[in-house]
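Below is one structure, written out as structure tokens; the observations come after it.
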Amino acid sequence: MWNNDNSLFKSEQTMTLRNQLDLIENKDTLIFKKGQIIYFEGSSPQGIYLIEQGKVKVTKTSCSGKDFITHIASKGDILSYGDLSLDTRHSCSGIAMEETIIYFIYKRDFQEALHNHPELLEGFFQQLVNHIRELESKACSIAYKPVRGRLAEALLYLAKKFNNSNKVTLSVTITRKDLAELIGTARETVNRLLSEFRHDRYIKTEGLTIHIINTKALQKTSEMYG
């Protein structure tokens with residue numbers, strides 16, 4: 001579903017880009033509580049968002065009103081730069097999954113930084129390309145993989161993205177609703193499959209936290225195709 005090779009650590013180029021943006025003095029520090037909307041789908045972007053702490057789910061609403069999570073962003077990720085660069089309205093909404101601290105850089109200051117530091121353009125272009133590749137991979141997964149394989153793949157992706165590499169056991173804390181919206185299925189299906197994974201001793205659960213105890217088995221399951 002996603003490119004797991006790049007999900008564990010930010011690339012050197014991404015971190016360099018983030019460090020350069022940190023040098024912009026004129027930025028606001030925003031704090032969002034869990035469930036607060038950071039920006040709305042269809043609204044006009046006023047700047048870019050740099051996540052300093054927390055997690056943000058980026059969601060899109062279908063014409064029938066069903067929400068779908070395109071991806072989950074965390075510390076070091078940059079949001080809204082695509083819409084801002086293309087001068088279009090927000091194609092998705094950003095919602096805090098936990099208390100989240102964000103640095104907001106206004107459009108005029110961002111454009112001035114690009115003008116003064118042309119090397120930033122290369123970094124943003126690379127981020128945009130990587131994001132497109134990730135979405136293409138996810139689309140193929142939803143089209144061709146059974147839900148069981150998609151769930152296993154999502155758990156591995158999230159565990160690697162949000163855990164320190166030194167951890168022996170990888171864990172994911174996420175609501176079943178968000179997990180369902182991430183892989184494009186019903187919450188009831190996620191609950192049933194998680195129960196099967198527990199029975200097979202792939203995972204164990206504590207409330208909303210899922211601990212992965214058999215990574216190899218989950219990896220094999222994630223490679224299933226219908």
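Taken together, the values in this text are just the output of simple stated rules run on the coordinates, not laboratory data. Quantities reported herein were computed from a predicted structural model and do not represent experimental measurements. Positions of Cβ are backbone-derived with ideal geometry, glycine not excepted, and every protein chain shown enters the neighbour counts.
Worth a mention:
- Other-chain or far-sequence residues with amide H under 5 Å of Lys55's (modelled H): Met97, Glu98
- Once exposed loop trypsin sites (Lys or Arg not before Pro) are cut out (DSSP; at most 10 other Cβ, 10 Å), longest piece of the chain: 67-166
- Local electrostatic count, Ala186, Cβ distance below 11 Å [Lys/Arg +1, Asp/Glu -1]: +3
- Exposed GluC sites (Glu not before Pro) absent: longest stretch of the chain, with sites in DSSP loops and at most 14 other Cβ within 10 Å deemed exposed: 100-222
- Values (i) 67, 45, 36; (ii) 56, 42, 31; (iii) 56, 39, 27 are given for comparison; Cα extents along the principal axes in Å, derived from the coordinates here, is the one labelled (ii).
- Cβ-derived FRET efficiency at R0 45 Å, Glu223 paired with Tyr106, nearest 0.05: 0.50
- Helix 147-162 axis, angle to the chain major axis (alpha carbon atoms, nearest 10°): 50 degrees
- In this rough spin-label picture, where each label sits 7 Å from Cα along the Cβ direction, the Gln46-Asn191 distance is 4.0 nm.
- With a Förster radius of 25 Å applied to the C-beta separation of Thr169 and Asp28, the computed FRET efficiency comes to 0.10.
- Whole-Hz Karplus values for the range 91-99 come out as 7, 9, 10, x, 10, 5, 8, 7, 4 Hz, taken residue by residue from phi with 6.51 cos²θ - 1.76 cosθ + 1.60 and θ = phi - 60°; glycine and proline positions read x.
- Counted by Cβ distance under 14 Å from Ser93, the other residues give a net charge of -1, where Lys and Arg count +1 and Asp and Glu count -1.
- MRE, 222 nm, helices only [DSSP H, n ≥ 4, -39500 (n - 2.57), over the chain, to nearest 500]: -13500 deg cm²/dmol
- Gained length - Thr61 relative to Lys204, 0.36 nm times residue gap less alpha-carbon distance: 48.3 nm
- Within the chain: Cβ-based charge dipole about Cα centre, in debye rounded to nearest 20 (Lys, Arg +1; Asp, Glu -1): 1100 debye
- Pairs spanning more than 31 Å between alpha-carbon atoms, out of Lys27/Lys138; Lys55/Lys204; Lys34/Lys216; Lys177/Lys220: Lys27/Lys138; Lys34/Lys216.
- Summary: within the chain, the longest segment free of chymotrypsin sites (Phe, Trp or Tyr not before Pro) located in DSSP loops with at most 16 other C-beta atoms within 10 Å is 41-224.
- Rounded to the nearest 20, the Cβ-based charge dipole of the range 135-225 about its Cα centre (Lys and Arg +1, Asp and Glu -1) stands at 160 debye.
- Selection among Met97, Tyr39, Thr205 by position relative to the dipole of the chain gives Thr205 as farthest towards the positive end (Cβ unit charges, Cα centre).
- Placing pseudo-labels 7 Å out from each Cα toward the beta carbon at Ile37 and Thr88 gives an inter-label distance of 2.0 nm.
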